[in-house]
Structures are given as C-alpha cells and as structure tokens.
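Asker: Please read through the structure below; I'll follow up with questions.
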Amino acid sequence: VLVELAAEGVERTHRAGAAARVVEALRRTLADARGRWLFAPDHHDSRSEYALAGVGANGIEHVTLDRTFVADGARWIVDFKTSAHEGGDREDFLDREVERYRAQLERYARIVRALDARRPVMLALYYPLVDDGWRDRRYGDKVTATAILLESLTRDPHAATGDLTAVRRAGVSDPALV
C-alpha cells in the first residue's frame, strides 16, 4: 500500500496515515455484507477502475468508474468514498454527499447509458468507513418533493410538515407542488 501511495504522489509524511485508512476501508468492506456483494463473483460484466469516454455538453469527457457490474438486470455504477463521518447526523451527512456527487454520478450514467441503453442504471455511493454508508438510486428517476417528504415523515412520524430542507437539497424548487 505504501508503494502505491508513493506512486500516486502522496507525501512521505502522510503515507502511514493514508495506508492505515486504506487498510481499514478494505477491512470494513470485507466485513460488510454490502461490501462483499459489490465484489460478488456472480455479477456479470464486472469491472473496477473502468475508464470510459463519451461525448458531453463540452466535448469528449473521460471518466473512471470505481466499480460497475450487472446484477438483477440492472447496470450498477458504484463510487467508493473514503470520507469518515465524525459527529452530527449520519443521515444528513449522506444526504449532503448525494447532492455533492450527483452531477459526477449522472455524468457516469450518461456515458454508460450510451453504451448499454437496454438496462436500467443504478447509481450508488459507498462509504466503507461510515456505518451503513450506502446511498443508491435509479438513474433517470425524478426525485419528487412528495417522495422526500414521505421519507422524512417515515423517519419522524410526529413531524407535521416533513423536512422541507431535504426537499430543497434534492433540487425541488417548489415544495408547494407536493
């Protein structure tokens, strides 16, 4: 791991800490049922660090998918994140991360969809260093204010209005459309 980190340009003073983080992420991935599923040998057309190119709004776009495979009739695109969550609400952290990486994952999906339009595409973020650090959604599905509010109310059935902040974070500009 140290040699790989050096080859990637990680400064010598940071390598030991980075190596420990990599080893911990690997350990947790293998200990997690979802982590093991991501690398299950029965997935079809599975690839890691899969480099692709496609045409985007600004010309040729080059991307590298952390992990992709076909399972249950869907093409999965999984982006691994090594961020750790410390303090605060884990659900809020993961919700913010979904928004942070939405454009990146959708760019991946557009390129993959051009190569394989017959399967649905599932987008996922996996945080092995975060307990239950997983978010997924089907590419092309519209996120609606109603769905967000229902999810919010499911978390807190006593809430009268749901979480309008979550609605706005999801890009629904007019929560009155619920």
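Asker: Express the carbon and sulfur contribution to the solvent-accessible surface of segment 1-63 as a percent, rounded to the nearest whole number, probe 1.4 angstrom.
Answerer: 57 percent
Asker: Say each of residue 11 and residue 86 gets a label point 7 Å from the Cα, pointing the same way as Cα to Cβ; how far apart are those two points in nm?
Answerer: Here the modelled spin labels are 1.8 nm apart.
Asker: How fast does segment 1-65 diffuse by Stokes-Einstein, in µm²/s, taking the Kirkwood radius from C-alpha pairs at 4 °C and 1.567 mPa s?
Answerer: D, rounded to a whole number, is 88 µm²/s.
Asker: Along the Cα→Cβ direction, 7 angstrom out, place labels at residue 118 and residue 24. What is the inter-label distance in nm?
Answerer: Modelled inter-label distance: 4.5 nm.
Asker: Can you tell me the order of 100-111, 12-23 when each peptide is scored by its average per-residue count of other Cβ atoms within 10 angstrom, highest first?
Answerer: Ranked from most to least packed, the peptides come out as 100-111, 12-23.
Asker: If you don't mind, there's one more thing I want to ask. Any idea what diffusion coefficient segment 55-110 gets from Stokes-Einstein, in µm²/s, Kirkwood Rh on alpha carbon pairs, 10 °C, 1.306 mPa s?
Answerer: 119 µm²/s
The values are calculated or read from the model by the stated rules, or taken from the named source; none is laboratory data. None of these values were measured; they are calculated from a predicted model. As a convention, Cβ positions derive from the backbone with ideal geometry for all residues, glycine included, and neighbour counts pool all protein chains shown. Heads up: the accessible areas ignore ligands, DNA and RNA and are worked out on the full protein's heavy atoms, side chains in. Shrake-Rupley method; radii C 1.70, N 1.55, O 1.52, S 1.80 Å.
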